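Heads up: the structure comes next, in structure tokens.
The values are calculated or read from the model by the stated rules, or taken from the named source; none is laboratory data. Predicted model only: the values in this text are computed from it and were never measured. Please note: Cβ atoms are built from the backbone with ideal geometry, for glycine as well, and neighbour counts cover all protein chains shown. Note: areas computed on protein heavy atoms with side chains; ligands, DNA, RNA excluded. Shrake-Rupley method; radii C 1.70, N 1.55, O 1.52, S 1.80 Å.
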Amino acid sequence: MTATEATEHDRAGDATAPAPGATPPRTPALPAKAAAELVGTAALVAVVVGSGIQATELTKDVGLQLLANSTATVFGLGVLIALLGPVSGAHFNPVITLAEWWTARRGGAGVTLREAAVYVPAQVAGAIAGAVLADAMFGEPLVKWSTHDRSAGHLLLGEVVATAGLILLIFGLARTDRLRFAPVAVASYIGAAYWFTSSTSFANPAVTIGRAFTDTFAGIAPSSVAGFIGMQIVGAVIGLALVALVFMPGRLMPPQAGKTYPDAQHVAELDQHHHGRVHPRCPGHPARGHEPHGPAAQEGATGRQ
């Protein structure tokens, strides 16, 4: 199960059946998904760049600047995922889109190649627009190439770690059918990675490109962009490998000769007996002929198969 599949699964599981005559839910059209990715990525970059500008205007303490920047990003990202996840999956990130397409290509469910080809340009365009918007809000030059060099080797390693962890988190949640926690989990991870990675966790090629357009606290020099994106791709590959390793499906053990295995009905009866329920087939209870009924009995018979 991939990120998009799990999001749709969660929505389906939470929704109640439509009333007679009501319009059934519809899958968002591709233009709506593309718009959600563009708007979401633009808003994300505006939060990152804008909070960075605000922080530098309020204090000269770099630690407080980073704290303000990371805090705003955590809240902004969580809200955006919660809002736009039901529309597009809230990728806002080409490596997530491409990773999902790759898993779908290998037999899973997720974005198609056509959708990926629409998502990625929308994400890049949205990131650039978000950086320009943030500069405009704070009276900065609308487009000014960043001079913040981030080409050191330890920063590149930080991007590998940040991106691998992000992929592991998102696809791990999808594999375990817990993507409903994505708004909190993903935002929390990014907030933590701001501090535990040397690169402050870009982990996103589109955001990396957008942040090159602003010469402010969150900027990155154009000469450093290619290296960051290359390491993010490496991190995504490592992350997918970790997902395959950590969440490897279990295998049924072959039956052992001479060993008997209780059927599901017998296991259910034993469970009822140990919970103080009288059952006709449990030894030691004379009240035979009193068959269990209702949801509890059905759960006992089928819920543990």
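Phi angles of region 118-130 translate, via the Karplus equation with coefficients 6.51, -1.76, 1.60 and θ = phi - 60°, into HN-Hα couplings of 8, 4, 4, x, 5, 5, 5, 4, x, 5, 5, 4, x Hz per residue; Gly and Pro are given as x.
Peptides 124-137, 202-215, ordered by how many other C-beta atoms sit within 10 Å of their residues on average, highest first, read 202-215, 124-137. Using the empirical formula 2.2 N^0.38 Å as the baseline, the Cα radius of gyration of region 47-200 reaches a ratio of 1.11.
Using the Karplus relation 6.51 cos²θ - 1.76 cosθ + 1.60 with θ = phi - 60°, the per-residue 3J(HN,Hα) values for region 168-180 come to 4, 5, 5, 6, x, 4, 5, 5, 9, 6, 10, 5, 5 Hz, with x marking Gly and Pro. For the pair Ser223 and Thr71, label points projected 7 Å from Cα toward Cβ lie 3.6 nm apart.
Using the Cβ-Cβ distance between Val237 and Val79 with R0 set to 41 Å, the FRET efficiency works out to roughly 0.85.
Taking a ≥ b ≥ c as the square roots of the eigenvalues of the alpha carbon gyration tensor, region 122-161 is oblate, as a/c is not under 1.5 and a/b does not beat b/c. Legend: calculated FRET efficiency, Ala136 to Leu245, from the Cβ-Cβ distance at R0 = 35 Å, rounded to 0.05, equals 0.20. 3J(HN,Hα) couplings calculated from phi for region 185-194 with the Karplus curve 6.51 cos²θ - 1.76 cosθ + 1.60 (θ = phi - 60°) are, in sequence order, 5, 5, 4, 5, 4, 4, x, 5, 5, 3 Hz; Gly and Pro show x.
Starting from the Cα of Thr147, move 7 Å in the Cα-to-Cβ direction to define the label point; list residues of region 54-88 whose amide nitrogen is under 18 Å from there. So the set is 56-57.
The accessible area of Tyr194, taken with all protein chains in place and a 1.4 Å probe, comes to roughly 10 Å².
Between Arg114 and Asp61, the FRET efficiency from the beta-carbon distance, with R0 = 41 Å, is close to 0.30.
Val184 contributes an accessible area of around 110 Å² to the protein surface, as traced by a 1.4 Å probe with all chains present.
A straight line joining the Cα centroids of region 216-230 and region 154-205 runs 18 Å.
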